[in-house]
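Accompanying notes for the structure given below.
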Amino acid sequence: MVVRDYQDVEGSLWERLLHQRCIVHKLRNIVNHLPSIVAVRQKRRFNRALEMTRLDEAEKELKSMERWLKSINQSAAASLQKGMLNC
């Protein structure tokens with residue numbers, strides 16, 4: 001999971017659930033702007049980035065995804081970019 005300043009997040013179950021909800025909604029917001037054939041691949045790509053253990057690699061993948069999304073749908077790219085700023 002990609003989170004800046006993860007150390008500041010308390011270990012309570014409630015906070016982890018809120019964070020999970022944020023990720024689920026962010027992914028939904030991104031793919032809702034895309035044709036279904038493209039959305040499936042981007043879901044996998046987004047989830048793969050979140051599973052990376054190194055922040056720099058995850059950020060690189062998400063920025064690459066954002067550049068690609070800009071060529072397909074500006075709204076999807078903007079949604080991803082907003083999500084990266086909020087993490």
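So that you can scan it fast, the table gives a plain yes or no per residue for (1) surrounded by fewer than 16 Cβ atoms within 10 Å (Cβ to Cβ); (2) modelled with pLDDT under 95; (3) basic (Lys, Arg):
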| residue | (1), (2), (3) |
| --- | --- |
| Arg21 | yes, yes, yes |
| Val24 | yes, yes, no |
| Asn32 | yes, yes, no |
| Val38 | no, yes, no |
| Arg41 | yes, yes, yes |
| Leu50 | no, yes, no |
| Lys63 | yes, yes, yes |
| Lys82 | yes, yes, yes |
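Return yes when Ala78 is at pLDDT below 95, of a type in the set (A, V, I, L, M, F, W, C), in contact with a Leu (Cβ under 6 Å, 6 or more places away or on another chain) and under 17 Å from Cys22 (Cβ atoms) and no when it is not. Full working, then the answer.
On the way: at pLDDT below 95: yes; of a type in the set (A, V, I, L, M, F, W, C): yes; in contact with a Leu (Cβ under 6 Å, 6 or more places away or on another chain): no; under 17 Å from Cys22 (Cβ atoms): yes.
No; evaluated as a whole, the condition is false for this residue.
Which of the residues that make up segment 69-80 are buried (at least 17 other Cβ atoms within 10 Å of the Cβ) and of a type in the set (A, V, I, L, M, F, W, C)?
Of everything in segment 69-80, those that are buried (at least 17 other Cβ atoms within 10 Å of the Cβ) and of a type in the set (A, V, I, L, M, F, W, C) turn out to be Leu69, Ala76, Ala77, Leu80.
Kindly list, by first and then second residue, each pair from a residue in segment 40-52 that is under 14 Å from Arg67 (Cβ atoms) to a residue that is surrounded by 12 or more Cβ atoms within 10 Å (Cβ to Cβ) and of a type in the set (D, E, K, R), limited to pairs with Cβ atoms under 8 Å and residues at least 6 apart or on different chains.
Arg45/Glu61; Ala49/Glu61
The values are calculated or read from the model by the stated rules, or taken from the named source; none is laboratory data. Please read all numbers here as calculations on a predicted model, not as lab measurements. For neighbour counting, all protein chains shown are included, and Cβ atoms are generated from backbone atoms with ideal geometry for every residue, glycine included.
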